[in-house]
Amino acid sequence: MPSSIRLSVKRQDTPTSSPYWEEYEIPYQPRQNVISVLMEIAKDPKTRAGKATSPVVYDRACLEEVCGSCAMRINGVARMACTALIDSLEQPIRLEPMAKFPVQRDLSVDRQVMFDSLKRIKGWIPIDGTYDLGPGPRMPEPERQQAYEYSKCITCGNCLDVCPQVNGRSNFIGAAPIAQARLFNSHPTGAMNAGERLEALMAEGGVDDCGNAQNCVRACPKSIPLTTAIAEMYRATTRYGIKKLFGT
Amino acid sequence: MANERIVVVGGGLAGLMTAVRAAELGVSVDLFSIVPVKRSHSVCAQGGINGAVNTKGEGDSTAIHFDDTVYGGDFLADQPPVKAMCDAAPGIINLLDRMGVMFNRTPEGLLDFRRFGGTKFHRTAFAGATTGQQLLYALDEQCRRYEVSGLVRKYEAWEFLGLVRDVDGNCRGITALDWYSMKIESFPASAVMLATGGPGIVFGRSTNSVINTGTAASAAYQDGAHYANGEFIQVHPTSIPGTDKLRLMSESARGEGGRVWVPRTQGDTRDPKSIPEGERWYFLEEKYPAYGNLVPRDIATREIFQVCLQGYGLGGRREVYLDLTHIPRKELDTKLGGILEIYEKFVGDDPREVPMKVFPGMHYSMGGLWVQFGKNESTGALDETSSKNQSTNVPGLFASGEVDFSIHGANRLGANSLVSCLYAGKIGGPAMVRYGRETSSKLPAADGAFTEAKKRWDAEFARLANVSGPENPHVLAQEMGDWMTDNVTVVRENGKLKETETKLQELEERWKNVGLTDRSGYANREISFINQLRNMLVIARVMTRGALMRDESRGAHFKVRDLSKGVTEENALPRDDANFLKTTIAEHSADGPKISYAAVDTSLIEPRARKY
């Protein structure tokens, strides 16, 4: 058992300043995760060399891997910090902000683009109003189970961070919003305007730009079948395009 | 009407429902949240949402749901809003179904329902074991529609600091802090909704998200809003202890057949699966044959606590088994997948094969900002068209969801929180719109109040940016949390409560000597936390004082004469309706909370003894 926990964090003071690395060391305790270590450092923030510093800034909320806040690169891989257990990580543990989103400060990044993508694909069921119209449409349980997998997406952004097609030179929307289009198109009411979502996925940066690296499905903390959704949406957009071409 | 604009603070279920309902009436909404609203704490609700749809033909009805809720809450809730919520619950579930929530289905494709605590009926609709997440997403999506159409404007990563009140005391808007630029601004509104959730972090580690500090409720309280029933804190029977938080293990685990037990022999260290049935003590089933493992949370929590105090905890530790291993894997995956994954990821054992180890953890505040309701005087029912609904004592300020005190009384039943948040937003949004229309032409000019409020908070944050005392805010917060968990959760005793009051005052003094380690002017979360910490200390005193003054046991508030004699009925003060069938009302003053008591509206169900 190690006597201490060592951590190396890539820090950045403002969105425009240069990044720098700092190292920390705290006494070992069993059953820690990356978040609890960052919390511990905040109680007496100093570097491994003993220099006073400030607490590391990072996003977090639920610590149960359901809010999607605490995504970061841990030993080089995008993942959630709350489920990154210290005992299963090689030390010194390297923490970096995700690289595909603008850094705000330290490990905190701006993922607004993901929420904007949900606007792009019209990610909602267009109900008429909140008044009582009785039960929703019936749905076969096996189909519901498939759709449920997609509804677990926590918008963490890991699938974008690991995707080679998501980069400064492309507008690729990424796996998460494509899977959301799949979710809404499979709902009996959502299916009524499936075409609008397919058109969004056929526009620039849509499903065509997927390079089939399949990194997304491996990086998803919720084990969402992202590549299945991409394949299904690829076929659906092709069919939709042909139908539209021939006006049938 | 032109330029109607309300402010909603908080983007969980209650806040989003409020925003959607107001936007639907054509009113503009400024929506504030410290996190992107899709990351709000409602995502953590697991088990489901109650509504007496009676799909299973068991004879369930909204009237029984109403009775279960009032009885479960030990008669401390004002009854008309509870009845109105239970009546509305099936419609709310249908609405969320129409919004696309992937609720589990029966073989006929209808919504499936499971059992939960405090009822004998299958009344809980669920989407796997991530129901809160699914419900929140559905409302987030509807809200995004209104964002696209221009009616909803989001201020995410903005923190509520305080109310703006005009010369007559009306709430006219809020002051808020941009979490990145650290700029402070005031925002006008025809009405303000606080839907900011619970105060779990006052207890240090809890099942709450770390954003649930109760800071907004406390700030509103210090700005004049009344806080009610603060002493009623729900401790969930089954959480997974962790160094950073206590992770929830949903009641649905027991709803789907999970059994709580300990070995009959103290200190039995055998592998749990090798312990024969006859040598296991299923203490909840034994003591409560009618409800078994599904007794209400306050009761299950106390029983687990007492069993551990008697030395029956696993290996002498504060842990008991929650056992699902007798249920087929496939069924567990379909109905409970989400929570089993959480256990697996954080503990490393597969709960389908090995019984889980759990212990009670702070979970929910029944108390919160005092709100009222419009009452139809001829029928005694809640009037859904009233602008009074969900309004606080401060005109123009409304509160909805866990941050308001209504519905749950002295103890909340499982799966009633989601429905109460949605119902509060459903009636709260239209009430705010109505209030705005009723008052818009009658209110005094408030320009000065906005300038004043911004000036006050600018000065305060400039001061905090320079504090350099020896105390670390995170260390103070930990001390507060430890004291509150030890003395103001499962079991209360007057001596300990008095000590806790003294300790909180000491911490308030030490807060004045707090030092900042982060001197940055950008995204400085530490300054914000120091401000939150003061607010947490203020609300901790409200909870503690309320508990000290309430000399009885009721629901989650369990007071013993002598702590060393354990968590037993004999050692406890009895429920005292003559003196304490009353709502505790706390009013802020410089010397701490001033407590008074208000009558509870028990006009619909006669209070009776609570025995499960």
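The values are calculated or read from the model by the stated rules, or taken from the named source; none is laboratory data. Remember, predicted model here, so these are calculated numbers, not experimental data. Every residue, glycine among them, receives a Cβ derived from its backbone with ideal geometry; neighbour counts consider all protein chains shown. Side chains are part of the model used for accessible areas, which takes the heavy atoms of the whole protein and leaves out ligands, DNA and RNA. Shrake-Rupley method; radii C 1.70, N 1.55, O 1.52, S 1.80 Å.
Data table
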item: Residue count, the range B:116-155 (criterion: closer than 23 Å to residue B:338 by Cα and either modelled with pLDDT of 95 or more or within 11 Å of chain A (Cβ to nearest Cβ) (or both)); result: 20
item: Qualifying positions in the range A:215-230 - within 15 Å of residue A:157 (Cα to Cα), β-branched (Val, Ile, Thr) and free of Cβ contacts under 8 Å to residues at least 60 places away in the same chain; result: A:217
item: Residue within the range B:375-388 that is touching a strand residue (DSSP E or B) at 6+ places or on another chain (Cβ under 9 Å), assigned to a strand (DSSP E or B) and modelled with pLDDT of 95 or more present; result: yes
item: Filter result (under 30 Å from residue B:102 (Cβ atoms) and open to solvent by less than 60 Å² (accessible area, probe 1.4 Å)) within the range A:80-109; result: A:80, A:81, A:82, A:83, A:84, A:85, A:98, A:101, A:109
item: Residue that is surrounded by the most Cβ atoms within 10 Å (Cβ to Cβ), among those in the range B:175-184 that are farther than 11 Å from residue B:156 by Cα and in contact with a Ser or Thr (Cβ under 7 Å, 6 or more places away or on another chain); result: B:175
item: Test: residue in the range B:3-11 that is at pLDDT below 95 and surrounded by fewer than 24 Cβ atoms within 10 Å (Cβ to Cβ); result: yes
item: Qualifying residue in the range B:162-178 (condition: within 14 Å of chain A (Cβ to nearest Cβ) and either touching a residue at least 12 places away in the same chain (Cβ under 8 Å) or in contact with a Lys or Arg (Cβ under 9 Å, 6 or more places away or on another chain) (or both)); result: yes
item: Which listed residue is farther than 22 Å from residue B:523 by Cβ and among the aromatic types (Phe, Trp, Tyr), from A:58, A:28; result: A:28
item: Checklist (1) over 26 Å from the mean Cα position of the chain (by Cα); (2) modelled with pLDDT of 95 or more; (3) farther than 22 Å from residue B:516 by Cβ applied to residue A:47, failing item; result: (3)
item: Residue count for the range B:461-482, restricted to those that are surrounded by fewer than 17 Cβ atoms within 10 Å (Cβ to Cβ) and touching a residue at least 60 places away in the same chain (Cβ under 8 Å); result: 3
item: Some residue of the range B:276-289 being among the hydrophobic types (A, V, I, L, M, F, W, C) and under 24 Å from the mean Cα position of the chain (by Cα); result: no
item: Check on residue A:233, surrounded by fewer than 18 Cβ atoms within 10 Å (Cβ to Cβ), assigned to a helix (DSSP H, G or I) and out of contact with any Ser or Thr (no Cβ under 7 Å at 6 or more places or on another chain); result: no
item: Helices (runs of 4 or more DSSP H) enclosed by the range B:6-109 - at least 2 residues per element that are away from chain A (no Cβ under 12 Å) and among the aromatic types (Phe, Trp, Tyr); result: B:62-72
item: Hey, residue A:54 under 28 Å from residue B:516 (Cα atoms), open to solvent by 10 Å² or more (accessible area, probe 1.4 Å), of a type in the set (Ser, Thr, Tyr) and within 8 Å of chain B (Cβ to nearest Cβ) or not; result: yes
item: Every residue from the range B:438-451 that is surrounded by 15 or more Cβ atoms within 10 Å (Cβ to Cβ) and out of contact with any strand residue (DSSP E or B) (no Cβ under 8 Å at 6 or more places or on another chain); result: B:439
item: Every residue from the range B:109-144 that is in contact with a Pro (Cβ under 9 Å, 6 or more places away or on another chain) and surrounded by fewer than 20 Cβ atoms within 10 Å (Cβ to Cβ); result: B:109, B:110
item: Index of the failed condition, residue B:552 passing every other in (1) open to solvent by 10 Å² or more (accessible area, probe 1.4 Å); (2) part of a loop (DSSP other than H, G, I, E, B); (3) over 25 Å from residue B:293 (Cα atoms); result: (1)
item: Residue satisfying condition, being free of Cβ contacts under 8 Å to residues at least 40 places away in the same chain and surrounded by fewer than 23 Cβ atoms within 10 Å (Cβ to Cβ), within set B:156, B:147; result: B:147
item: Residue count, the range A:99-120 (criterion: within 9 Å of chain B (Cβ to nearest Cβ), assigned to a loop (DSSP other than H, G, I, E, B) and not basic (Lys, Arg)); result: 2
item: Residue within the range A:63-79 that is open to solvent by less than 10 Å² (accessible area, probe 1.4 Å), in a strand (DSSP E or B) and of a type in the set (S, T, N, Q) present; result: no
item: Those residues of the range B:583-612 which are in a loop (DSSP other than H, G, I, E, B) and open to solvent by 60 Å² or more (accessible area, probe 1.4 Å), in sequence order; result: B:588, B:590, B:591, B:603, B:604, B:606, B:608, B:609, B:611
item: Any chance residue B:20 is touching an Asp or Glu at 6+ places or on another chain (Cβ under 6 Å) and within 24 Å of residue B:148 (Cα to Cα); result: no
item: Any hit, the range B:360-368, residues being under 29 Å from residue B:317 (Cα atoms), in contact with a helix residue (DSSP H, G or I) (Cβ under 9 Å, 6 or more places away or on another chain) and open to solvent by 20 Å² or more (accessible area, probe 1.4 Å); result: yes
item: Test: residue A:94 is in contact with a Pro (Cβ under 9 Å, 6 or more places away or on another chain), among the charged types (D, E, K, R) and modelled with pLDDT of 95 or more; result: no
